[in-house]
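Okay, so here's the structure we're looking at.
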Amino acid sequence: MIVDTHHRVHNYLRISLTDNCNLRCFYCMPEDDYDFASAQQLMQADEIEALAKLFVSQGVTKIRLTGGEPLVRKDAKAIIRQLAQLPVTLTLTTNGTRLHDFVDVLKESNVRSVNISLDTLQADKFQLLTKRDQFGIVQQNIGLMIEKGFHVKVNMVVMRGVNDSEINDFIAWTKDTPVHVRFIEFMPFSGNRWTSNKVFTLEDILATVSEKYEFIPLQAEKNDTAKKFMVPEHKGTFAVISTMSAHFCGDCNRIRLTADGKMKNCLFSKDEVDLLTPLRNGEEVLPLIHQSISTKAAQLGGQFTQDYELLQADIIQNRSMITIGG
Ligand code: SAM
Ligand code: SF4
């Protein structure tokens with residue numbers, strides 16, 4: 001088992017397949033001087049499989065593929081098929097632009113649930129947020145995935161003054177559509193222009209929903225990061241991921257592997273442990289995994305323990321979100 005000094009058992013691995021993406025969300029990809037990793041720097045399909053097997057041998061039971069955009073990788077289908085052979089629940093987080101080409105392989109691979117990111121229901125705002133004109137295809141693919149029987153969660157990063165006015169439009173969407181909206185508090189990463197006044201908190205979100213709807217809390221499952229709710233009679237549900245205002249680190253079971261093969265024991269850890277180079281050199285990797293987890297901080301990478309409103313984003317030492325894998 002992969003256990004840290006705070007007795008947390010880590011059975012959930014998030015693997016970033018690439019730091020490349022076909023969208024340019026400003027809160028994720030830094031605008032200045034962003035260079036994608038070279039193909040040689042990225043884990044190759046067989047290396048991903050070898051590392052995933054090691055984690056599974058240590059008790060990992062769930063793997064999420066992420067990025068960058070995991071589905072822009074040319075060998076994404078082969079990787080999905082390989083990982084589907086492991087005794088894990090396999091899932092992915094995607095911007096949804098390429099899903100129409102992946103329905104069959106996801107079905108074959110027993111993927112039942114997908115997280116699709118969509119921060120606005122307005123085409124012109126989508127263009128402003130992502131700098132790409134792909135709103136129509138994302139909407140279409142969300143519909144397609146629901147029609148094909150997948151459990152679809154929609155990730156919406158809420159930013160004050162940007163899209164908070166759309167919260168109840170997303171709730172309205174859950175009325176007749178079995179879509180599970182997850183409102184995510186805006187988090188600081190390198191180069192993403194985060195300021196505390198842009199955070200729209202759990203409390204703000206629930207206050208906004210209650211202006212228009214009555215809702216009830218849903219039972220939390222073990223290791224849930226999201227606080228879940230539903231409006232009675234609605235086919236879908238909603239949830240809030242309140243990393244900034246009410247973190248859930250005490251129950252954390254997650255480990256991250258970046259596309260260049262570095263293990264991060266927390267989304268906000270400044271330290272990383274290179275697993276890919278030792279793997280390529282034929283050295284032992286397992287001790288490195290346990291060594292990394294033994295240094296995991298109690299909360300938020302040990303980097304911000306104070307009230308988020310007092311936080312100065314420029315003192316946080318971390319990568320940009322796109323190079324971590326959200
Ligand atoms: N490209 C895929 C996508 O967009 O879903 C997967 C990678 S993306 C980095 C994973 C998730 O992180 C997305 O839901 C995205 O909205 C979220 N994310 C990115 N930057 C964020 C930030 N600064 N605060 C909160 N969530 C963020
Ligand atoms: Fe790309 Fe996803 Fe980041 Fe947007 S959030 S830039 S889609 S990786």
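Here are a few things to note about the model shown:
- 26 Å Cα-Cα reach of LYS212 towards lysines, excluding residues that sit fewer than 8 places from it in its own chain: LYS125, LYS153, LYS175, LYS198, LYS227, LYS228, LYS235
- Check: the range 205-326 dipole with +1 on Lys, Arg Cβ and -1 on Asp, Glu Cβ, in debye: 220 debye
- Cysteines (scope the chain) whose Cβ has no counterpart Cys Cβ under 4.7 Å: CYS21, CYS249, CYS252, CYS266
- Extreme residue, positive dipole direction of the chain, given options THR93, ALA50, SER109 (C-beta unit charges): SER109
- Separation of the range 199-275 from the range 103-151 is 20 Å, based on Cα centroids.
- Using a probe of 1.4 angstrom and keeping all protein chains present, the accessible surface of the chain works out to 44 square angstrom per residue.
- For the chain, the relative contact order works out to 22 percent when only alpha carbon pairs closer than 8 Å and six or more residues apart are counted.
- Ranking VAL138, CYS25, ILE322 by Cα position along the charge dipole of the chain, where only Lys, Arg, Asp and Glu carry charges on their C-beta atoms, puts VAL138 farthest toward the positive end.
- Calculated [θ] (222 nm, deg cm²/dmol) that DSSP helices of n ≥ 4 give over the chain, each run adding -39,500 (n - 2.57): -7000 deg cm²/dmol
- Shape of the range 1-86, Cα gyration tensor, a/c cut at 1.5: oblate
- With a threshold of 29 Å on the Cα-Cα distance, the over-threshold entries among LYS74/LYS131; LYS107/LYS131; LYS148/LYS270 are LYS107/LYS131; LYS148/LYS270.
- Charge dipole magnitude, Cβ of K and R +1, D and E -1 - the chain, Cα centre, debye nearest 20: 680 debye
- Environment charge of THR177, counting only residues whose C-beta is closer than 15 Å and scoring Lys/Arg +1, Asp/Glu -1: +1
The values are calculated or read from the model by the stated rules, or taken from the named source; none is laboratory data. Just so you know, these numbers come straight off a predicted model, no measurement behind them. When we count neighbours, we look across all protein chains shown, and the Cβ atoms used for this are built from the backbone with ideal geometry, even at glycine. Each accessible area value is taken on the protein alone, full model and side chains, heavy atoms only, with ligands, DNA and RNA left out. Shrake-Rupley method; radii C 1.70, N 1.55, O 1.52, S 1.80 Å.
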